[in-house]
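One structure is given below, encoded as structure tokens.
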Protein chains: 2
Amino acid sequence: MAIGRSTQSTSQTPEPGAARRPSRARGIPEATVARLPLYLRALTALSERSVPTVSSEELATAAGVNSAKLRKDFSYLGSYGTRGVGYDVEYLVYQISRELGLTQDWPVVIVGIGNLGHALANYGGFASRGFRVAALLDADPTVVGNSAAGLPVRHMDELEAIVESQHVSIGVITTPPGAAQQVCDRLVEAGVTSILNFAPTVLTVPDGVDVRKVDLSIELQILAFHEQRKAGEESGQGDSMLDRAPGPVRAAAAKLRRAAGAKAEPVKGKPAKGTEGDLSAVMPA
Amino acid sequence: MAIGRSTQSTSQTPEPGAARRPSRARGIPEATVARLPLYLRALTALSERSVPTVSSEELATAAGVNSAKLRKDFSYLGSYGTRGVGYDVEYLVYQISRELGLTQDWPVVIVGIGNLGHALANYGGFASRGFRVAALLDADPTVVGNSAAGLPVRHMDELEAIVESQHVSIGVITTPPGAAQQVCDRLVEAGVTSILNFAPTVLTVPDGVDVRKVDLSIELQILAFHEQRKAGEESGQGDSMLDRAPGPVRAAAAKLRRAAGAKAEPVKGKPAKGTEGDLSAVMPA
DNA sequence: TAGATTGTTAATCGATTAACAATC
DNA sequence: TAGATTGTTAATCGATTAACAATC
């Protein structure tokens, strides 16, 4: 591990764990920042319907949060509402946009134009909120030159020149996991200071660089956890007696299993739901 | 809002806001559950390199968290380590897999086979961890019948039959935003109880249904917020004097602006970085 | 003025972290 | 035994929430 580099997993919403990230900027908590885009989206929809004002209760419902939280969040931005009336939709759209930095244009490069990179290049929500695809980049000569979303795919060699000439500060990584760190290093070296990582890789970046990650596999695993819990509750089946045994018994069993050099192998291809994990691979006979 | 339905935004990591979600299952905090997949990924990499044991410090580094947090997380699962030695890699892979429900197979349907649905269907990480694509579905007749990732795209009409016959409990929504709620309703009605939503829509689901969302646009906006802050710090430029003014002054200005019927319009197409938001649209002359 | 709704307070809850006793 | 490392404790920090005074 290089000194002065933080492994900023800097993942989802709060995660104040990420060591050196200044958890609040100008006093706005991370959790609030993460909700501002939700409010903005709901407000934009109201704006399109020409709704002039909205109460915290209505807006909270539209954004999927509770109104106390919303009012608290807005209180960090300032006093933008009117007691007894609510919030001016247009005005709040502007204030939140400004707070999020969306009143300026953010050129973005996407590196790795496989299926996912292609999908992102075509993603409408990209352009709609101040983000502009400055370039699509790939290392594969058979992909370079193709066009995606009306833009040519350019070779990685051009990365530095593009980042510098177009003042790109945000990079999106959609490469295979093996290439992600290397691409990240080049982006950072070229001057990118914010990275959105779709590769299932923990990126190491210098201080001052923000990394957020989007990880399909992790999301599914979290759902599976809750799904399993639901199934267990409803059928009454759950862990084996042994796994529910009190600490000492369990520890002794663990020792046995380790001593046996147990090789764990998740069971695959079994019918779903109501299937117990096959313990035979790790349980002593 | 229908009674008995919760708008479970149930977004990223902690978000204990989500009203009725039982925030811990068998005592495992949500924040810990969300990190288990990270540990599992790091452990799997060690396993592939045939590393027999790992310390909390090493594993924490590989997963991008600190070791105190990792040990605390593992303490919720049980006592699976050996003091003075560390953790048995294979054994821990198995225990975490089991905890996450990955020792069983989870059939998944993907609804909406545009660019993103296509990308997900091809996503390797899908199959690798107990998730199996049971079907790809789309409402568009010109898409139905195409094949993606070796599977035929089937018509939405088949949704209910597929969910029931294959015991699908997890659905992935990659439709346009306008169709998402309707698709969600059908999935839930058919028996799906976990939904991963890629559409930028707040989904309303009955109690007992988990929703997680992945939202590219939100991630980029959060990055933009921090990026703007960095730019402001380094150049000393930031808000206008007025916007930094103390409460009462700001409130008075707000009132003026509202009275003027200000129309906010984010400024687009401007050169990036170092551009101030154009306030002319919302500021009184 | 009376009703409505914000902005803030204070209590509660959950997550993080450092430190260290337990123990391999 | 001595060194290493876990599992747990307790303090701290940040986020959520209900309630209500301020005020439109």
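Structure data summary
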quantity: The stretch B:121-138: number of residues that are surrounded by fewer than 20 Cβ atoms within 10 Å (Cβ to Cβ) and either touching an Asp or Glu at 6+ places or on another chain (Cβ under 6 Å) or in contact (Cβ under 8 Å) with a residue 12 or more places away in the chain (or both); calculated: 2
quantity: Filter result for the condition that a residue is away from DNA strand C (no atom under 16 Å from the Cβ), buried (at least 16 other Cβ atoms within 10 Å of the Cβ) and in the same structural domain as B:V153 (by TED's automatic domain parsing), over B:V93, B:V109; calculated: B:V109
quantity: Subset tally (residues that are more than 7 Å from every other protein chain (Cβ to nearest Cβ) and closer than 18 Å to A:I218 by Cβ) for the stretch B:100-113; calculated: 2
quantity: Any hit, the stretch B:183-194, residues being modelled with pLDDT of 95 or more and at the interface with chain A (Cβ under 9 Å from one of its Cβ atoms); calculated: yes
quantity: Residue match in the stretch A:139-154 (condition: surrounded by 20 or more Cβ atoms within 10 Å (Cβ to Cβ), modelled with pLDDT of 95 or more and touching a Lys or Arg at 6+ places or on another chain (Cβ under 9 Å)); calculated: no
quantity: Check on A:E164, at negative phi and crowded, with 21+ Cβ neighbours inside 10 Å; calculated: no
quantity: Residue identified as touching a Lys or Arg at 6+ places or on another chain (Cβ under 8 Å), of a type outside the set (K, R) and not in a loop (DSSP other than H, G, I, E, B) among B:Y87, B:Y91; calculated: B:Y91
quantity: From A:L70, A:L36, A:L40, residue being within 11 Å of DNA strand C (Cβ to nearest atom) and in contact with a helix residue (DSSP H, G or I) (Cβ under 8 Å, 6 or more places away or on another chain); calculated: A:L70
quantity: The one condition in (1) closer than 22 Å to B:A180 by Cβ; (2) open to solvent by 10 Å² or more (accessible area, probe 1.4 Å) that B:R98 fails to fulfil; calculated: (1)
quantity: Yes/no for A:R229 being open to solvent by 50 Å² or more (accessible area, probe 1.4 Å), modelled with pLDDT under 95 and facing another protein chain (nearest Cβ under 7 Å); calculated: no
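Here's the yes/no breakdown for (1) at the interface with another protein chain (Cβ under 10 Å from one of its Cβ atoms); (2) in contact with a Ser or Thr (Cβ under 7 Å, 6 or more places away or on another chain):
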position	(1), (2)
A:Y76	no, yes
A:T82	yes, no
A:N115	yes, no
A:G124	yes, no
A:A135	no, no
A:L159	no, no
A:V163	no, no
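One line per residue, one yes/no per condition, for (1) at pLDDT 95 or above; (2) touching a Pro at 6+ places or on another chain (Cβ under 7 Å); (3) on the phi > 0 side of the Ramachandran plot; (4) aromatic (F, W, Y):
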position: A:R5; (1), (2), (3), (4): no, yes, no, no
position: A:P14; (1), (2), (3), (4): no, yes, no, no
position: A:R71; (1), (2), (3), (4): yes, no, no, no
position: A:F74; (1), (2), (3), (4): yes, no, no, yes
position: A:S79; (1), (2), (3), (4): no, no, no, no
position: A:Q95; (1), (2), (3), (4): yes, no, no, no
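The values are calculated or read from the model by the stated rules, or taken from the named source; none is laboratory data. Everything numeric here is computed off the predicted structure, so don't read it as measured data. Here Cβ is always computed from backbone atoms with ideal geometry, including for glycine, and neighbour counts include all displayed protein chains. The protein model used for the area step is the full one, side chains on, heavy atoms only, and it has no ligands, DNA or RNA in it. Shrake-Rupley method; radii C 1.70, N 1.55, O 1.52, S 1.80 Å.
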